[in-house]
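Asks: Please read through the structure below; I'll follow up with questions.
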Amino acid sequence: MMEFYGDNVRWWIGIVVNVLDPLQLGRAQVRIFGIHSRDNQQIPTGALPWATVLTPNVGGVSGIGFTPQLLPGAQVFGIFLDGKSSQAPCVIGAMPRIEIPSEQQLASEQWKAGAQGQESMSDPGNRTDDGVDHQPLPVLGSNQDRITQAYDYFRNQGYTKEQAAGIVGNLMVESRFNGQELNINAVNYNDQGQGQHSRGLAQWGPGRRTIFEQWSGKGWNTATFEDQLGFVVHELNNADDYNGALNVKANTNLKSAKTIDQAATIFDQQYERSSGEHTDKRIREGYRVLQLAEGTAI
């Protein structure tokens, strides 16, 4: 108990990555500089500790449902309440930092369109990989394990069989080109404008790829298959300056889906935010995912 007395106070600075406290106690997950690697592969967001957040002296707080005014991406200062053990972080306050998006990004028409949920209105078309520096993935049929790997990933994140199949079915349609599915190199050149082409498993535009780089601490062109799967989950669970709460709302509705049809449609309309022209394909792929992963499409 002497560790809590204050003789061995340890302070730290970090970046808030998640404020959706499952216990509704106003806690925040913080990636602490010098302790937690910025490489999400080494320390995934889900493994980060939940930090208590101090509030101004404006009255007591009791019960559950308290929400602090912190957002993902905020730089915060804190201490460990248990001293050298360093297992009980506490956020004392936020610190100024240069945030993204920049004023130039916020002023761009492409950025505004994405923030309003219009970024992916062009459906997947003929894609070619224009020199993105990755090793091409094997063609599925010889590598169907990639489908089950993605499916198992979302199952392990708490999604039901139907919900996970609906997500992966969407990603298969989004990222298919050159005879490959779930290809992290996919580029949609139907999106016009230099640098505005959608890329990756979910066909993220440049605004959302910027959020990826902030979240992961790495450049987009070094993103792995697991990084991109992790970013889908991150977006579904966190509001940000680019998407607002659109993806979080999509996740709430997705988790209420009972069938593959419902899950695939919700993910298409509310996370991918496509025109809906190919929703039927996404549903069919969802059933194929469940068949491959579980041996049944029912």
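Coordinate-derived values only; no laboratory data. Values in this document were obtained by computation on a predicted structure and should not be read as measured data. With ideal geometry, Cβ positions are generated from the backbone for all residues, glycine too; neighbour counts draw on all protein chains shown.
Asks: Can you tell me the length gained on complete extension of the stretch ALA47 to ASN178, counting 0.36 nm per residue apart and subtracting the Cα distance?
Replies: 43.6 nm
Asks: Can you give the extra length, in nm with one decimal, that the chain gains between ALA94 and LEU54 once fully stretched, where that is 0.36 nm per residue apart less the Cα-Cα distance?
Replies: Here the segment from ALA94 to LEU54 would lengthen by 13.3 nm.
Asks: Taking R0 as 30 Å, what FRET efficiency do you get between TRP11 and LYS218 from their Cβ-Cβ distance, rounded to the nearest 0.05?
Replies: 0.65
Asks: Any lysines with Cα under 29 Å of the LYS161 Cα? List them, leaving off those in the same chain fewer than 8 positions away.
Replies: Candidates past the 8-residue exclusion: LYS249, LYS255, LYS258, LYS281.
Asks: Exactly which trypsin sites (Lys or Arg not before Pro) in the range 185-256 are in a DSSP loop and have at most 14 other Cβ atoms within 10 Å?
Replies: Within the range 185-256, the qualifying trypsin sites (Lys or Arg not before Pro) (loop, at most 14 other Cβ atoms within 10 Å) are LYS255.
Asks: Which FRET efficiency value, to the nearest 0.05, do you get for PHE77 and ASN253 by plugging their Cβ-Cβ distance into 1/(1 + (r/R0)^6) with R0 = 41 Å?
Replies: Here the calculated transfer efficiency is 0.70.
Asks: Hey, how many Å between the Cα centroid of the range 186-250 and the Cα centroid of the range 161-179?
Replies: Measuring centre to centre over Cα atoms gives 16 Å.
Asks: As an exercise, identify the GluC sites (Glu not before Pro) in the range 192-298 lying in DSSP coil whose Cβ has no more than 13 other Cβ atoms within 10 Å.
Replies: GLU277
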